[in-house]
Amino acid sequence: MKEDPSVYPVVAATPRAPVSLAAAACAALLALGTISGCQRSDAPAPPAPLPIAGQPVEPAPAAAKRDEQAARDDLATAAGKVAKAASAAVDALQATVEDAAITTNVNGALAKDPALSALHVNVDTLDGHVKMTGQAPTVDARERATRLARAVDGVKSVDNQLDVKP
């Protein structure tokens with residue numbers, strides 16, 4: 001049976017240069033090295049700069065040890081600063097809470113006195129020092145407000161600026 005040339009077209013053979021097996025292997029290795037080199041993530045670090053003429057050359061392990069100790073010292077210094085700042089913040093918060101408790105207790109003591117309504121007296125506390133402003137109905141009530149405020153735990157001083165209502 002003879003094949004029909006219209007079904008299977010004839011491709012003209014093109015002349016090629018002979019390729020040796022060694023040349024083909026070299027080309028394949030070169031291509032593989034190029035492709036794999038593009039994806040390397042463990043490439044070596046660039047070399048350290050060369051020392052300047054006249055400067056002593058320090059051995060690498062000693063320099064690394066010195067740098068490590070400097071980093072540890074910097075970390076210890078930073079940790080100390082953070083600890084101091086945290087301690088100061090806690091102290092400030094504690095003082096604020098103590099002042100708020102003093103203010104609440106002074107207001108409570110004033111509210112129990114029928115002549116000194118807490119609504120007419122403004123109480124502010126800073127570091128245990130109480131300042132009262134507003135109005136008192138009498139001089140006696142004004143003095144009683146001072147005694148009541150001094151009796152509260154944590155009060156260091158009382159600045160009574162209450163005006164006596166005529």
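The values are calculated or read from the model by the stated rules, or taken from the named source; none is laboratory data. Bear in mind that the values here come from a model prediction, so they are computed numbers and not experimental data. Cβ atoms come from the backbone with ideal geometry, glycine included; neighbour counts cover every protein chain shown. Remember, those area values only see protein heavy atoms, side chains included, never the ligands or the DNA or RNA. Shrake-Rupley method; radii C 1.70, N 1.55, O 1.52, S 1.80 Å.
Structure above, values below:
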{"read-out": "Unmet requirement for LEU21, which otherwise passes all of (1) loosely packed, with under 10 Cβ neighbours inside 10 Å; (2) at pLDDT 85 or above", "value": "(2)"}
{"read-out": "Members of segment 115-147 that are of a type in the set (A, V, I, L, M, F, W, C), farther than 18 Å from GLU98 by Cα and not in a helix (DSSP H, G or I)", "value": "ALA115, LEU116, ALA118, LEU119, VAL121, ALA136"}
{"read-out": "Selection count, segment 148-166, where residues are open to solvent by 30 Å² or more (accessible area, probe 1.4 Å) and either in a strand (DSSP E or B) or over 23 Å from VAL97 (Cα atoms) (or both)", "value": "7"}
{"read-out": "Residue match in segment 94-116 (condition: modelled with pLDDT under 85 and either open to solvent by 90 Å² or more (accessible area, probe 1.4 Å) or more than 30 Å from THR138 (Cα to Cα) (or both))", "value": "no"}
{"read-out": "Inter-residue pairs, beta-carbon under 8 Å, first part of a helix (DSSP H, G or I) and in segment 80-109, second exposed (fewer than 10 other Cβ atoms within 10 Å of the Cβ), 6+ apart", "value": "ILE102/ASP153; ASN105/ASP153"}
